Number of protein chains: 2
Amino acid sequence: MTRATDIEAVEAVNTAFYEAMERGDFEEISDLWLDDRRSTITCVHPGWPVLTGRGEVLRSYALIMANTEYIQFFLTDVQVSLAGDTALVTCTENILSGGPAEDGAELGPLVGQLVVATNVFRRTTGGWRIWSHHGSPVLTETGDEEGDDTAA
Amino acid sequence: MTRATDIEAVEAVNTAFYEAMERGDFEEISDLWLDDRRSTITCVHPGWPVLTGRGEVLRSYALIMANTEYIQFFLTDVQVSLAGDTALVTCTENILSGGPAEDGAELGPLVGQLVVATNVFRRTTGGWRIWSHHGSPVLTETGDEEGDDTAA
């Protein structure tokens, strides 16, 4: 495998992850997350605490899917960094989503969200699998970035 | 190296990272971040967009240090997941910080912050080094977690 091939394969799995979310395909999400008892998976949804292990992580996706009628990800700034059998992907998730309908409406109100994610993948015999996902809201500042003293 | 030794070594470097922040030790921070042209480092501070490469990442620490008079991290829930030469650390950063003094005061007002972090480390000949840091604010909910439908 060349480095370029690895990067392509990682990008494809990263895209598949978001497409599975869009389709609400729980089985695909479950397949894409690493299933290795030696290397515990971890997940942080925007604003959430850390979720650890397949039980907690997969339950969170079931919960999110149950509360999401519609979701679309426009990925930008996708960057892959490789080291051995680990790949690190960062990307910006431009999200448009809507909750379940209320009061007879067809769809809940649509909400736009700007989230950045760090996704860590491991190479397995079955392909690259998600070891960790960390998404967080981007709190956009108007102009003067130096005013932000948030730390670490 | 046994697995237990690896975990101990990773935890030590993770602790050293936060202690260097507390001391405002820029040189130590710079040493702890991976310096490998093949594997680009990435960093997300709470609420920030993704920073990529040593230039951007280290400048952000210089900026944060310049705007932080006092900072202390109380780490809880530190968990290490290992796979080959990569280690994934998740932890809760209970942060107490203060900005520079204003109007002759000794210290700016102290602010408490609850942040969760995913830190990725790579094994190098010189020890474990930080490949990626992603910190995000925990937006605590009062009771009913099921009301949160934030996604991915």
(message) Testing B:Gly47 on (1) within 13 Å of the chain's Cα centre (by Cα); (2) within 20 Å of B:Leu114 (Cβ to Cβ); (3) open to solvent by less than 20 Å² (accessible area, probe 1.4 Å), one condition comes back false. Which one is that?
(response) (1)
(message) Could you check region B:48-64 and list, in sequence order, the residues that are at the interface with another protein chain (Cβ under 9 Å from one of its Cβ atoms), assigned to a helix (DSSP H, G or I) and under 26 Å from A:Val50 (Cβ atoms)?
(response) B:Tyr61, B:Ile64
(request) Report the residue count in region B:101-146 for those that are modelled with pLDDT under 75 and either touching a strand residue (DSSP E or B) at 6+ places or on another chain (Cβ under 6 Å) or more than 9 Å from chain A (Cβ to nearest Cβ) (or both). (result) 11
(message) So, A:Glu56, is that one within 24 Å of B:Asn119 (Cβ to Cβ) and loosely packed, with under 15 Cβ neighbours inside 10 Å or not?
(response) yes
(message) Filter region B:26-35 down to the residues that are open to solvent by less than 50 Å² (accessible area, probe 1.4 Å) and part of a loop (DSSP other than H, G, I, E, B) and list them by number.
(response) B:Leu34
(request) Filter region A:65-91 for residues that are modelled with pLDDT of 95 or more and more than 10 Å from every other protein chain (Cβ to nearest Cβ) and give the result. (result) A:Gln72, A:Phe74, A:Leu75, A:Thr76, A:Val78
(message) Pairs needed: first member in region B:18-46, farther than 23 Å from A:Ile7 by Cα; second member anywhere, charged (D, E, K, R) and open to solvent by 10 Å² or more (accessible area, probe 1.4 Å); C-beta distance under 6 Å; at least 6 residues apart or different chains.
(response) B:Ala20/B:Glu28
(message) of a type in the set (Asp, Glu) and under 14 Å from the mean Cα position of the chain (by Cα): is that true of A:Glu102 in this structure?
(response) no
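The values are calculated or read from the model by the stated rules, or taken from the named source; none is laboratory data. Remember, it's a predicted structure, so these values are computed and weren't measured experimentally. Because the Cβ atoms are built from the backbone with ideal geometry, glycine has one as well, and the counts that use them run over all protein chains shown. The area values use the complete protein model at the heavy-atom level, side chains included, leaving out ligands, DNA and RNA. Shrake-Rupley method; radii C 1.70, N 1.55, O 1.52, S 1.80 Å.
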